[in-house]
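For reference, the structure is listed below as structure tokens.
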Amino acid sequence: MADGLTAIDMFAGLGGFTEGAEQAGCRVVWAGNHWKSACEWHEVNHGFKPACQDMHQQPWELVPRHDLLLASWACQGFTPAKGSNKLHTDTQRATAWVVISAVEYHRPALFVGENVPAFARWELFPAWCSAMRALGYALAPMIVDSADHGVPQQRVRLFIVGTRSAHPVQIKLPKLQHVPASSMIDFNAGRWAAIVREGRAVKTITRIENGRRQHGDRFLSAFYGATKGGRSLDRPIGTITTRDRWAVIDHDRMRMLRVDEARRAMGFPDSYKLPASSKLAMHLLGNAVCPPVARDVIQALRKAA
């Protein structure tokens with residue numbers, strides 16, 4: 001496909017899809033998101049003001065025409081946390097249908113969507129795909145691990161590529177050597193604390209001791225999730241989430257993963273600006289699309305389409 005591809009980024013968040021599209025040679029002409037903080041930091045990094053409102057209410061006639069529609073709709077409704085509110089998750093799942101309305105109005109030549117793999121197990125996923133096909137799109141879903149794209153993080157996501165064609169395109173993605181978490185950890189930085197101290201949860205200490213038996217004196221330990229022991233620094237880190245999950249263990253001391261380390265784990269450039277609040281920065285990063293993965297998917301789509 002010719003150069004000069006224009007794109008829009010729905011549910012743009014911090015701007016991972018936008019960054020990846022720009023790295024792939026696209027010109028992003030519009031972005032939108034409901035969260036004010038995400039819109040502010042998207043603007044800081046990309047130089048234009050996103051539409052800051054609920055995408056359900058977006059008038060599509062005000063969105064510029066484009067060749068490529070990018071969308072990373074809410075994932076929480078497909079992998080709800082324990083105790084999540086059903087009404088809340090129903091509302092989040094409904095964001096998938098907003099994508100259909102945008103595609104119906106604009107009928108772009110190309111579409112790339114990103115979500116958790118569980119989206120494909122949603123009972124209405126066949127209906128969602130049927131709606132896209134009714135609009136003239138052939139779909140090519142694929143499971144992609146960010147670690148295969150030079151990102152020091154194992155983050156498995158579903159990408160759905162759509163083209164206005166009779167048959168789905170055959171996407172050929174690169175598969176790079178995995179980058180270890182050790183490449184992004186600075187043991188001379190951060191606020192360290194003793195592992196064994198008053199108030200430290202017994203489960204945390206037990207998890208760290210299990211990790212020490214597996215990996216020695218330097219490794220990563222998860223504060224929640226399925227990881228019961230540690231994670232080797234010779235591997236990519238596990239999934240970066242919206243709240244602090246990973247602790248860096250160094251002999252008898254520990255600290256949480258720093259924001260700059262999480263930024264590298266997500267594949268954002270070191271120059272990508274983030275808020276001073278660590279809590280907000282981690283939330284934005286954990287919600288984002290990894291730019292190198294977006295770049296590679298878009299580049300492969302441009303070659304195939």
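Just so it is clear, none of the values below were taken in a lab; they were calculated from the coordinates. It should be emphasised that the depicted structure is a prediction, and the values quoted were computed from it without experimental measurement. We place every Cβ from the backbone using ideal geometry, glycine too, and count neighbours over all the protein chains shown.
Structural remarks
- Computed lengthening from Ala109 to Glu43, 0.36 nm per intervening residue step minus Cα-Cα distance: 21.1 nm
- Here r is the Cβ-Cβ distance between Lys203 and Ser182 and R0 is 35 Å; the resulting FRET efficiency, rounded to 0.05, is 0.85.
- The chain: relative contact order in percent, alpha carbon pairs under 8 Å with at least 6 residues between: 19
- Over the chain: helical MRE at 222 nm, DSSP H runs n ≥ 4 each giving -39500 (n - 2.57), nearest 500: -9000 deg cm²/dmol
- Label-to-label distance, nm, for residues given as Ala127 and Leu139 (7 Å Cα→Cβ offset): 1.3
- Inter-site label distance for Thr79 and Gln53 at 7 Å from Cα along Cβ, in nm: 3.2
- Which labelled figure in (i) 21.7; (ii) 20.3; (iii) 19.6 is Kirkwood radius over Cα pairs in Å, once derived from the coordinates: (ii)
- Between Asp270 and Leu173, the distance separating the two model label sites (each 7 Å from Cα on the Cα→Cβ line) works out to 2.7 nm.
- One chain, two ends: Asp90 and Val116. Fully extended at 0.36 nm per residue, the span grows by 7.8 nm beyond their Cα-Cα distance.
- Across the chain, the longest piece that holds none of the trypsin sites (Lys or Arg not before Pro) lying in DSSP loops with up to 15 other C-beta atoms within 10 Å covers 83-163.
- For the range 1-131, average projected area of the Cα convex hull in nm²: 8.4
- Lone cysteines, the chain (no partner Cβ under 4.7 Å): Cys26, Cys75, Cys129, Cys290
- Centroid-to-centroid separation of the range 203-274 and the range 21-42 [C-alpha atoms, Å]: 29
- Net charge of neighbours whose Cβ lies under 11 Å from the Cβ of Val169, counting Lys and Arg as +1 and Asp and Glu as -1: +4
- Lysine pair count for the chain (Cα-Cα distance under 19 Å; residues 8 or more apart in sequence or on different chains): 8.
- In a fully extended conformation the segment linking Ile100 and Ser278 would gain 60.6 nm over its present Cα-Cα distance, using 0.36 nm per residue.
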